[in-house]
Structure formats: structure tokens, C-alpha cells
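All remarks here apply to the structure that follows.
The values are calculated or read from the model by the stated rules, or taken from the named source; none is laboratory data. Owing to the predicted nature of the structure, the values given are computational and were not obtained by experimental measurement. Because the Cβ atoms are built from the backbone with ideal geometry, glycine has one as well, and the counts that use them run over all protein chains shown. These area figures cover heavy atoms from the full protein model, side chains too; ligands, DNA and RNA do not enter into them. Shrake-Rupley method; radii C 1.70, N 1.55, O 1.52, S 1.80 Å.
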Amino acid sequence: MSANYHVILTGGVGSRLWPFSRKSQPKQYLEIFKNDSLFELAIKRNQKFSDGLIVVGNKDNRNLSINSLDKLGINSYHEIVEATPRNTAPAIAFAAFQVKPEDILVVTPADHIIKADENYDDAVSKAIKLAEEGNIVTFGVKPTRPETGYGYIENEGQNVVSFREKPNLETAKDFLYRGNFLWNSGMFCFKAGVFLSELEKYEPKVYTASKEAFEKAEKGKLNETLSMEIPSISVDYAVMERSDLIKVVNAEFEWSDMGSFEAVYDYFVESGYPVDDDGNMVIGCDKFTAFVGLKNTIFVNTDDAILVLSKEASQDVKGVYQQLVDENSPLIQ
């Protein structure tokens, strides 16, 4: 008898949310969402669909995951600890090797915010049904604006026409106007054996190297030398854009990858977080702060850094983070 597993991918730093998100405290573990982290919210909303949990993350995040799972009272789960990041295709392969070929995996990132309502439940139920029929399913979210920070899925009903990279503004406006483009949510659903078969077909080296690393892992901890032999490749490039088995669920749930301060801003506003009359917001500071001649500005304060940005320039924070990386700054740790 097959089982359903929730696979949660916990990698990533969230560089566009610096200075809040750091290597030591990535965005998925920040408890700024009504005292829950994105990691915890992801686990909660998928518990009803799963017979078990598989946590795939890197060694630096392990203790953060354990602390969150303890907080939720979860002590029974499969743990896969990556010695070095190899992107999403190997990460998902490890989870697929963990279970039986007929078992169904619902794969979600740990750092997205999703409204857990009947629309979400309906989308996951549809995806599981399609997966039971042997399909590899991706979730496409109906766009609400011409977003340049997301990839897109061109679709005809449940059939995928093409995957598109993050577009410029004019292209994003055209996608929105045409009406048959969905945001690529980075969520997937499939039988473990079906995914592994497609991975072996299109990326045999990734499959073989991932299998060897998994089989020689000790208590879920992967060997670094063997891990370095695995080509680093995303699941989109490895399988999703090449397989003939892809279907898309047109999801109606509210979704954000929470990948920028603009997304955080919008979420906070919807949650009743205060802004001034010109739409300016202060995050991380209780001191009186006045904005003069500024609109839609976000002031971010931490113990060792201050970031001031216009909401519309949120994607550019990644450049600040990269500058700090190049300077080997302790501010990214």
C-alpha cells in the first residue's frame, strides 16, 4: 500500500531579505509571521495530506530545523542532511530514494507563505490524484500582477506548453494580459519511482551520483566527497522542462515566495502591521521613526545593520548581499 509524504526543502539563505535573513538564520526560520516561521507554517498546512515527513536540508540548517520540529511536537520524520548544496534535483532525489517507488511525494519549499484554505486543499488533492495516474505535477499560481521576480508556466488547462524564466516588466505584462501564464510556485507532486525514472532518463549522472551518496549516508547525513560528485542542477532544468509526463494544477490559493521585502511588506499590511500615511514601514525597530518626503519606503533595523529601500526596489537587495559576500563581510553570517 502506498503512502503520501510531505517533502520539505529547507535550503537557501534568502539574500533579498538581508539583513534579517543570514546564513545563520535564513528567512524560513525567522519567527516574524505571527510567532511562526515559514518552515513551521509549511509543515502545519501539509500535515493533513501526509503519512510522513521528509526534511531535506543542509548541515548548517539542521539545528534550526530540529528546534522548529521540537516546537511543533514532531519527533518522527525522515531526515536527510546535505553536506553541501547541490540544488533541488538531487535534494528531491534523496527524498525519493528514502521511500517506496509507489509512494507519493508532495514537495514544497520551506520559505513560501501560502494561505492554508480550501483552495490550497483542493489544489493538493488534485495534484495527488494526477500523481496517482503517473504524472509529474507542478503547481501554477494564478498571477495577480506583472511580477518580474517569478518564473512562469505557459499552460493549456492541465497541460504545460512551456516554462519561462523571470521576465522583464513588459513581458510580465504581456503574460498577464494573455491569461494562460501562471507563476511557477516551485511545488511538485509525483510518485517517487516516476520522478527517479525521469531523472535517470534525462540526467543519468545526477541520478547515479545522488543514489550512491544516499546509499552511503550515515543516519541520513551525506558524505561531502560523494556529494561533490553530484552535478548541481535545479529540478526545473533536470526534469520539469524535459519530461513528457508534466501536468500543472492551476492553483487559486494565495501564494508568495516571500523572496523580497516587497512581499513581506504586502503580507504585513494585510495582517494589520502599521504604515504611515505615505505607505512607509519600519521593521525591527521600536524607536520613533519619521519619513519626510518619502513614499513606500521600508526601514529595516537589526543589531548590526540598517537597510533603507523603496518597496519597488526590493529585488535589488540581492546586490547588497552579493557585495557583502565579495567583501567577505561578517554581516552575512
- Message: Quick one: 3J(HN,Hα) in Hz for the stretch 310-317, Karplus 6.51/-1.76/1.60 with θ = phi - 60°, rounded, Gly and Pro as x.
- Response: 7, 4, 5, 9, 4, 5, 7, 4
- Message: Need one word for the stretch 92-224: rounded, prolate or oblate. Basis is the Cα gyration tensor (sqrt eigenvalues a ≥ b ≥ c); a/c below 1.5 gives rounded, then a/b vs b/c decides.
- Response: prolate
- Reachable lysines, given that their alpha-carbon falls under 17 Å from the alpha-carbon of LYS247 and they are not under 8 places away in the same chain: LYS126, LYS129, LYS142, LYS191
- In terms of solvent-accessible area of protein heavy atoms at a 1.4 angstrom probe, what is the ranking of PHE163, PHE139, highest value first? PHE163, PHE139
- Task: Could you state the angle between the C-alpha long axis of helix 88-98 and the longest principal axis of the C-alpha atoms of the chain, as a value from 0 to 90 degrees rounded to the nearest 10?
- Result: 50
- Query: In a shell of Cβ-Cβ distance under 13 Å around LYS48, excluding LYS48 itself, what net charge do Lys and Arg (+1) and Asp and Glu (-1) give?
  - Reply: -3
- Could you give me the ³J(HN,Hα) list for the stretch 287-295, computed from phi with Karplus coefficients 6.51, -1.76, 1.60 and θ = phi - 60°, whole Hz, x at Gly and Pro? 5, 4, 10, 10, 10, 10, x, 10, 10
- Query: Accessible area per residue of the stretch 87-143 at 1.4 Å probe, in Å²?
  - Reply: 34
- Give a residue-ordered list of calculated ³J(HN,Hα) values for the stretch 319-325 (Karplus: 6.51 cos²θ - 1.76 cosθ + 1.60, θ = phi - 60°; whole Hz; x for Gly, Pro). x, 5, 4, 5, 4, 5, 4
- So how tilted is helix 118-132 from the main axis of the chain? Cα-based, degrees 0 to 90, rounded to 10. 30
- Summing +1 per Lys or Arg and -1 per Asp or Glu among the other residues with Cβ less than 15 Å from ASN301's Cβ gives -1
- Task: Report the residues of the stretch 48-87 in range of a label on ASN35: point 7 Å along Cα→C-beta, backbone N strictly under 19 Å from it.
- Result: 67-74
- Item | Cβ-based net charge around PRO167, under 10 Å, with every Lys or Arg adding one and every Asp or Glu removing one | -1
- Using the Kirkwood radius over Cα pairs of the stretch 168-254, the Stokes-Einstein translational diffusion coefficient at 25 °C and 0.890 mPa s, in µm²/s and rounded to a whole number, is 157
- Query: List the aspartates and glutamates whose alpha-carbon lies under 16 Å from that of LYS59, not counting same-chain residues fewer than 8 positions away?
  - Reply: GLU79, GLU82, GLU218, GLU224
- Task: Among (1) 48, 21, 16; (2) 56, 25, 16; (3) 33, 24, 19, find the value of semi-axes √(5λ) of the Cα gyration tensor in Å that was calculated from the structure presented, and write down its label.
- Result: (3)
- Stokes-Einstein D for the stretch 1-134, Kirkwood Rh over Cα pairs, 25 °C, 0.890 mPa s (µm²/s): 160
- Mind telling me which of VAL55, VAL275, VAL292 comes out most flexible in a GNM of the chain, alpha-carbon contacts under 10 Å? VAL292
- Message: Can you tell me the orientation of helix 261-270 relative to the chain, as the angle in degrees between its alpha-carbon axis and the longest Cα principal axis, to the nearest 10?
- Response: 80
- Task: First check a/c for the stretch 218-333, with a ≥ b ≥ c the square roots of the eigenvalues of its C-alpha gyration tensor; if it is under 1.5, answer rounded, and if not, answer prolate when a/b is larger than b/c or oblate otherwise.
- Result: oblate
- Task: Name the most mobile residue of VAL81, VAL308, VAL282, meaning the one with the largest mean-square fluctuation, in a Gaussian network model of the chain with Cα contacts below 10 Å.
- Result: VAL308
- Task: Pop the C-beta distance of ASP121 and ILE306 into the FRET formula with R0 = 35 Å and round what comes out to the nearest 0.05.
- Result: 0.30
- Item | GNM top mover of ALA251, ALA209, ALA131 - the chain, alpha-carbon springs below 10 Å | ALA209
